[in-house]
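The values are calculated or read from the model by the stated rules, or taken from the named source; none is laboratory data. Keep in mind the model is a prediction, meaning the values are calculated, not measured. Reconstructed Cβ throughout: ideal geometry from the backbone, glycine too, with neighbour counts over all protein chains shown.
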């Protein structure tokens, strides 16, 4: 797999993979407080036991995850950089978005602010897309961003903390009405372990948040690792080499079905292979109305997919040089299908996506280890904020259980739907919601800081991503690379 890599490409690969895993490591210790704050501050687990337990379940959450969130995040990236991620500009994109996300995560961690790793990464991606559009000849502001996907992701990040605040508060009130045990709602005694049944509930909710965090946040690292591998080792990672003959036959059928529909809508229009890729790329960038040329281009691409796969017993029979073109064609067709949202394309799109949407086991293991190890380090700063500085009173058993139960269920639902949500914001807003419902009062200085971090994360990371990408492109040009 690595035999054809030059020394320079090998160095790029090592550095890029290390940077992507560093992002997940920082994500782990930055977001640990979301799971362990309640069990630590209710004396349910010692801090060392809590972070190790949380790290283990983050690890397991990553291993059990699918890929919907990972590929949803990647859909935000500029089309031309996704198709040419192995170019120098593609490497500049990867390094800039990872560096900007890590810088902001470390800064907010140092200040003890529970900021969102999801926000940082998405902001960085948007910044790269905008900068790419401005630096590219003939580009216009915002042209390089998939705004439809950005709106979907932005809505999930906006609604989830509001839902966490309201749902956790309502759950606490419901518990008070049903479970009349005074020890649940008072301040825990210092150094005293709660009753076994209460402790069990809190450890269970901590486990749920840790597992859900791993399954959702871990996918972002998986997507970035795959992006790097596709760029540097396209022959191995651009398509799913594990797909058997039956899977390829289903993809051929899907391509033929879609192609017939596109030819009908093309009304006799014909385009070349090169013009087809350019036309669909244009359509994806501007989100304009599909023309007869667009449908003719899609028909051409689906025909090429079918011709490449037809009669193959496995993906291994396809030459490495052909795999990059196959991936580009599949990406363009399936993204166009998603944008058009036309009746009858859902099933063909899923079958075609199987050709390129896959996550190797070793990638899952690497991300799981980075996130799990990060969870065990650097947790204390943000734990203090979540456990002591949101409300004016100490976190009670019931408040901790309510906030974490809502956070775990919210993240799990988002994981199923393929939406990236902020574990940090859902949990911290849940704690705030229980404090409000309990009339415990909120520490407004902390709330202002949390709100400020929430508001600033996206624009700051957009700026950082754009500036680092522009710097990277200038370095590429000065070195005479492409």
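A few notes on this one:
Listed here are the residues, each with its yes/no results for (1) touching a strand residue (DSSP E or B) at 6+ places or on another chain (Cβ under 7 Å); (2) assigned by TED's automatic domain parsing to the domain that holds residue 54; (3) more than 16 Å from residue 35 (Cβ to Cβ); (4) surrounded by fewer than 17 Cβ atoms within 10 Å (Cβ to Cβ).
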site: 155; (1), (2), (3), (4): no, yes, yes, yes
site: 161; (1), (2), (3), (4): no, yes, yes, no
site: 178; (1), (2), (3), (4): no, yes, yes, yes
site: 186; (1), (2), (3), (4): no, yes, yes, yes
site: 192; (1), (2), (3), (4): no, yes, yes, yes
site: 198; (1), (2), (3), (4): no, yes, yes, no
site: 204; (1), (2), (3), (4): no, yes, no, yes
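- Tally, over the stretch 173-204, of residues that are in contact with a helix residue (DSSP H, G or I) (Cβ under 7 Å, 6 or more places away or on another chain) and in a helix (DSSP H, G or I): 7
- Whichever residue in the stretch 309-318 is under 31 Å from the mean Cα position of the chain (by Cα) and outside any strand (DSSP E or B) and, among such residues, is surrounded by the most Cβ atoms within 10 Å (Cβ to Cβ): 309
- Filtered residue count, the stretch 68-92, keeping only those that are closer than 30 Å to residue 412 by Cβ and part of a helix (DSSP H, G or I): 8
- Hey, residue 278 over 23 Å from the mean Cα position of the chain (by Cα), more than 23 Å from residue 68 (Cα to Cα), outside any helix (DSSP H, G or I) and in the same structural domain as residue 256 (by TED's automatic domain parsing) or not: no
- Filter pass, residue 58 being more than 25 Å from residue 110 (Cβ to Cβ) and touching a helix residue (DSSP H, G or I) at 6+ places or on another chain (Cβ under 9 Å): no
- Failed item in (1) in contact (Cβ under 8 Å) with a residue 40 or more places away in the chain; (2) surrounded by fewer than 22 Cβ atoms within 10 Å (Cβ to Cβ); (3) touching a helix residue (DSSP H, G or I) at 6+ places or on another chain (Cβ under 7 Å); (4) over 29 Å from residue 407 (Cβ atoms), with residue 106 passing the rest: (4)
- Considering 134, 130, the condition of being assigned by TED's automatic domain parsing to the domain that holds residue 25, modelled with pLDDT under 80 and farther than 23 Å from residue 18 by Cβ is satisfied by 134 alone.
- Condition met for residue 97 (under 24 Å from residue 361 (Cα atoms), in contact with a helix residue (DSSP H, G or I) (Cβ under 6 Å, 6 or more places away or on another chain) and at pLDDT 75 or above): no
- Residue 283, sole failed condition from (1) closer than 30 Å to residue 221 by Cβ; (2) under 28 Å from the mean Cα position of the chain (by Cα); (3) surrounded by 15 or more Cβ atoms within 10 Å (Cβ to Cβ); (4) not assigned by TED's automatic domain parsing to the domain that holds residue 53: (1)
- Qualifying residue in the stretch 429-447 (condition: under 22 Å from the mean Cα position of the chain (by Cα) and either in the same structural domain as residue 132 (by TED's automatic domain parsing) or modelled with pLDDT of 85 or more (or both)): yes
- Residue check, residue 332 part of a helix (DSSP H, G or I) and buried (at least 17 other Cβ atoms within 10 Å of the Cβ): yes
- Checklist (1) in contact (Cβ under 8 Å) with a residue 24 or more places away in the chain; (2) more than 22 Å from residue 74 (Cα to Cα); (3) more than 24 Å from the chain's Cα centre (by Cα); (4) not in a loop (DSSP other than H, G, I, E, B) applied to residue 207, failing item: (3)
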